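Here the structure is laid out as C-alpha cells; the discussion comes afterwards.
The values are calculated or read from the model by the stated rules, or taken from the named source; none is laboratory data. Remember, predicted model here, so these are calculated numbers, not experimental data. Here the Cβ positions follow ideal geometry from the backbone for every residue, glycine too, while neighbour counts run over all protein chains shown.
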Amino acid sequence: MQPIHLENVQKNYFLDKVQVSALKGINLKIDAGEFTVIAGPSGSGKTTILNLIGCVDTASSGKVVVGGKETGSLTEKQLTDLRLHTIGFIFQSFNLIPVLNVIDNVEFPLLLQNKQSPKERRDQVMRFIDRVGLTQYAQHRPSELSGGQRQRVAIARALVTKPQIVLADEPTANLDSVTGQNIIDLMKEINATEKTTFLFSTHDHSIMNQARRIIRLLDGRIQE
Amino acid sequence: MKVYFIIAYRNILQRRVRSLMLAASIVFVSVIFSLLLALVHGVQQTMIANGTALMTGHLNIAGFYKVSQSSANPMVTKYPELMKYAKENIPEADIIIDRVKAYGKLISETDSTMIPMWGVNMDQEKNVLGRLEVEISKDPNNPADLSKLSESGTLALFEVHAKKLKVGVGDMVTVSLPTYRNMTNTKDVKVVAILKDVGMMSQFNAYLNAKDVRELYQNKQDSTGQIMVYLKKLSDLPKVEARMRKEIAEKGYTLMEKESSPFWMKFDRVAGESWTGQKIDITTWEDETSFLKWIVSLLGALTFILTIVLSIIIVMGLINTLWMSVKERTTEIGTLRAIGMQKNKVLWMFLLESLILSVSSTLAGLVLATIICQVLNAAAIPIESDAFKMFLMTNNLSFTFGLAQALMTFFSLVIFFTLGSLIPAFQAAKLSPITAINQS
Ligand SMILES: Nc1ncnc2c1ncn2[C@@H]1O[C@H](COP(=O)(O)OP(=O)(O)O)[C@@H](O)[C@H]1O
Ligand SMILES: [Mg+2]
C-alpha cells in the first residue's frame, strides 16, 4: 500500500466570500521509497498539496490517505499524532527552536514520542547529527549556524523519528545554489540508504531535474 | 518535561528586560501583600494579648444572677465550687483566676465617666494584669504601683480615662455603682497606677480591689464576676470549651445560650428575660472582644482590596508579556504543532513560563517581606496618630509574618497569576500548524 494516496482532491479557499480553487481534482499515488518533486510556478498549489499530505489542513472534497489513514475522518488530536509518528517536516525557513541547541532541537520529536530510554534517544540523536555532518556543532544554538547548517539540523530533526514520509516545501528557497545542491544531495543520499519516502516542492529547474519523479502542477491541476 | 522547562526558562532569559520588569512587579505585590497580612495578623495577636490581660480569659465561666425578673447581675454565686472544678478538671489550663465585675461611674473633681470595671485579687494577677505597662508617675511622692491594688480603696485606670478625669497617681476618685436594690453605693478610692493605653480596649476597662467591689454591691464573699481560664495552647480552646459546657451542665447548672458579645452588652437582654436565679455563661476571648472584631475585618478587607487592585495591574502586565511572547513565537509554535506537539502541551509550555516567573518572584517577595518585617519590628516604629493607635490597638507597629501568612500570599498570588496567564496560553494553543509552513 502506498504511503500517500490522493483521490479527486479539491481544496477551496474563501477570500472575502470569493471562492479560490487552489486544487481542482488531484489524483496522486506515491510509492514507498520514492524521491518525488512537486514542481510548478508560484501559486500553482504546491504548498496546498503538501499541507494536505502533511495533515495540517483538510481537503474540501476527495480523499487524502496518509500512512494508511484517511485524514478526513481523523480528529485534530489524531492528526497531530499522525504527524508525529509518520511524517517528518523540513521547512523553507528551517524553523528550529531558537533557544535550544542542535542536540535538543533534533531530540525534540523523540521527546514528544516518548517511547525510548534517554540513552537510546541520545544515541539516535547523535547518529543523525553525525549523518548530516554537524557533530562538531552539536552544542551550538541555531543563531550560531549558517543557513545550510540550519537546514541540515532540520533534516536531522525530520528524520530522527524514522518517519515513513518526509515532506519539504521549497527546502532550498532560502539557500544559495551550492548550499541548496548540497542539501538535495544529502536528502537523495538518505533516501537511498534509509528508503524514506521524500516529497518536496520547488520552482528551481536545476533542482527539479534531479528527482526520479516530477509532478508538474499548474493552476491546481497535475500536468504529467 | 525537562525540555519544556529549558524552553520556558531560556525564553524568559531571552526577553531579559521585559521579564525582569515583570518579576520586579510581582516581587512588589508579594511584599505588599505579605506586609499587609503580617500587619493584620499582628493587630490580631496584639488584640489577643491585650484582651486577655484586660478583660477576658481564653475561656470564662461567667454568668448572671437575677434576684428579680427585671434585674441582671453579672456574677457567679458560690463560685469556689466552680473554681475547684476548673482547677481539677482542666489540665490544659495554664492560669486560672477570678475577677469581680462592676459597671458604674468614676467621678473626679472635674468630670465623670461610665465604664465597666474589674475587682481584682492581686495575688492572682502577676501574669495577667501584671503584663500591662504602667506609666511613670509625674508625682515623685506618689510612684505608680499596680500591686497596691491589693489594698482596699485603690484604683488603676488607663491614660485615656486619667486624662478625661484629669487625675494622676495619688489623686482621689469616687466610684459610684448602682446596685440591684435600686440604691447607688459610692466609695472614694486612690489612683495607684495609670496604665499605658492599648488602643480602643483601654476605654472599656478600669481596675478596683475585688473586696471593695463586693462590698459596694453587698455581695457575699463566695460570689465573683467570672472565672478566667488561660490555656497553655490556644488551639485546645474548642475542645476544652465543649467539655466545660458539658461537664458544668451535668453538675446541674443552667447554661446561657452562646452569644458573641462582652458581658456589658448582655445586660438589657438578660434583664428582659423572665427567669430568676443563677445562669452560667461560658464565653471565649473572641466573644468578649467581639465588639472589636470589625477592626480586624476592616483591615482584612482593605488588604484584600489593595492586593486585588495591585494584582490586577500586574496580571495585565503578565498577560501582555506572555502575549508578546506568543506573537513573537507564532512560527515556533506552529512548527512544534506541525512536528506533532499536542495543543495541551503548548498550553503547558506557556503556563510553565508564567509559573517560573510567578513562583520565583513570589518566593523572592516572601523572603524580602520576612526581612522587612524583622527590621520594622526591631525598629519598633511608634504610631504617632492617636486615631491609628486606637484603631490598631497598639502603640508600636507590629508585624507577625508566619507560615500561614506566607502560604496565603504564595498560593493566592501564584493561583491568580496562573489563571491570568491561561488567556495567552490558550491563544498559543489555538495557533494552527499551517502558520509554520505558509511563510513565503
Ligand atoms: N489561506 C489561503 N487563503 C486564500 N487563498 C489561498 C490560501 N492559501 C493559498 N491560497 C491560494 O491558493 C493558490 C495556491 O497557493 P499555494 O498552494 O500557496 O501555491 P504555491 O505554494 O504553489 O505557491 C493560490 O492562488 C493562493 O493564492
Ligand atoms: Mg508555496
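Residue under question is A:K188, and the condition is that it be away from ligand 2 (no atom under 16 Å from the Cβ), more than 10 Å from chain B (Cβ to nearest Cβ) and at positive phi; does it hold? No; evaluated as a whole, the condition is false for this residue. Scanning region B:246-285 for residues that are assigned to a strand (DSSP E or B) and among the hydrophobic types (A, V, I, L, M, F, W, C) turns up B:L255, B:I280, B:I282. Across region B:305-325, a minimum of one residue is classified as within 14 Å of chain A (Cβ to nearest Cβ), touching a Pro at 6+ places or on another chain (Cβ under 8 Å), assigned to a helix (DSSP H, G or I) and of a type outside the set (D, E, K, R).
When restricted to residues that are over 16 Å from A:D219 (Cβ atoms) and either away from ligand 1 (no atom under 12 Å from the Cβ) or of a type in the set (S, T, Y) (or both), region A:36-52 contains 2. Does B:N11 count as closer than 24 Å to B:N127 by Cβ and either surrounded by 22 or more Cβ atoms within 10 Å (Cβ to Cβ) or free of Cβ contacts under 8 Å to residues at least 12 places away in the same chain (or both)? It is false that B:N11 is closer than 24 Å to B:N127 by Cβ and either surrounded by 22 or more Cβ atoms within 10 Å (Cβ to Cβ) or free of Cβ contacts under 8 Å to residues at least 12 places away in the same chain (or both). In the set (1) within 13 Å of chain B (Cβ to nearest Cβ); (2) without any contact (Cβ under 8 Å) to a residue 40 or more places away in the chain; (3) at positive phi, A:E170 fails one condition alone, (2). When B:S311, B:S274 are checked against the criterion of being farther than 30 Å from B:Q203 by Cα, hydroxyl-bearing (S, T, Y) and touching a Leu at 6+ places or on another chain (Cβ under 8 Å), B:S311 stands alone in meeting it. Criterion applied to A:D123, A:D130 was being more than 11 Å from chain B (Cβ to nearest Cβ), surrounded by fewer than 19 Cβ atoms within 10 Å (Cβ to Cβ) and either at pLDDT 95 or above or in a strand (DSSP E or B) (or both), and the one residue passing it is A:D123. Residues in region B:275-291 that are more than 19 Å from B:M244 (Cβ to Cβ) and in contact with a strand residue (DSSP E or B) (Cβ under 6 Å, 6 or more places away or on another chain): B:T276 alone.
Criterion applied to B:A23, B:A38 was being more than 30 Å from B:A380 (Cβ to Cβ), more than 14 Å from chain A (Cβ to nearest Cβ) and within 42 Å of the chain's Cα centre (by Cα), and the one residue passing it is B:A23. In region B:391-440, the qualifying residues are those that are among the hydroxyl-bearing types (S, T, Y) and assigned to a helix (DSSP H, G or I), and the one that is nearest to the other protein chains (Cβ to nearest Cβ) is B:T435.
If you go through region A:85-109 and keep only what is surrounded by fewer than 22 Cβ atoms within 10 Å (Cβ to Cβ) and either without any contact (Cβ under 8 Å) to a residue 24 or more places away in the chain or not in a loop (DSSP other than H, G, I, E, B) (or both), you end up with A:H85, A:T86, A:I103, A:D104. Of everything in region B:249-276 that's among the hydroxyl-bearing types (S, T, Y) and over 26 Å from the mean Cα position of the chain (by Cα), which residue is surrounded by the fewest Cβ atoms within 10 Å (Cβ to Cβ)? My answer is B:S274.
On the basis of being surrounded by fewer than 16 Cβ atoms within 10 Å (Cβ to Cβ) and not in a loop (DSSP other than H, G, I, E, B), does B:L376 make the cut? No. Pairs are defined by a Cβ separation below 8 Å, a sequence spacing of at least 6 or placement on different chains, a first member in region A:7-23 that is touching a residue at least 12 places away in the same chain (Cβ under 8 Å), and a second member that is basic (K, R) and more than 10 Å from ligand 1 (Cβ to nearest atom); the pairs so defined are A:E7/A:K63; A:N8/A:K63; A:V9/A:K63; A:Q10/A:K24. Region B:1-105 holds helices (runs of 4 or more DSSP H) entirely within its bounds, and those carrying 2 or more residues that are of a type in the set (G, A, S) map to B:16-54.
Somewhere in region A:26-35, is a residue of a type in the set (S, T, N, Q) and within 16 Å of ligand 1 (Cβ to nearest atom)? Within region A:26-35, none of the residues are of a type in the set (S, T, N, Q) and within 16 Å of ligand 1 (Cβ to nearest atom).
Of the residues examined, A:T161 is not one that is among the hydroxyl-bearing types (S, T, Y), away from ligand 2 (no atom under 16 Å from the Cβ) and more than 14 Å from chain B (Cβ to nearest Cβ). Of the residues making up region A:37-82, those that are away from ligand 2 (no atom under 16 Å from the Cβ), away from chain B (no Cβ under 14 Å), in a strand (DSSP E or B) and touching a residue at least 24 places away in the same chain (Cβ under 8 Å) are A:S61, A:G62, A:K63, A:V64, A:V65.
Per this entry, A:V132 is not counted among residues that are in contact (Cβ under 8 Å) with a residue 24 or more places away in the chain, in contact with a Ser or Thr (Cβ under 6 Å, 6 or more places away or on another chain) and away from ligand 1 (no atom under 16 Å from the Cβ).
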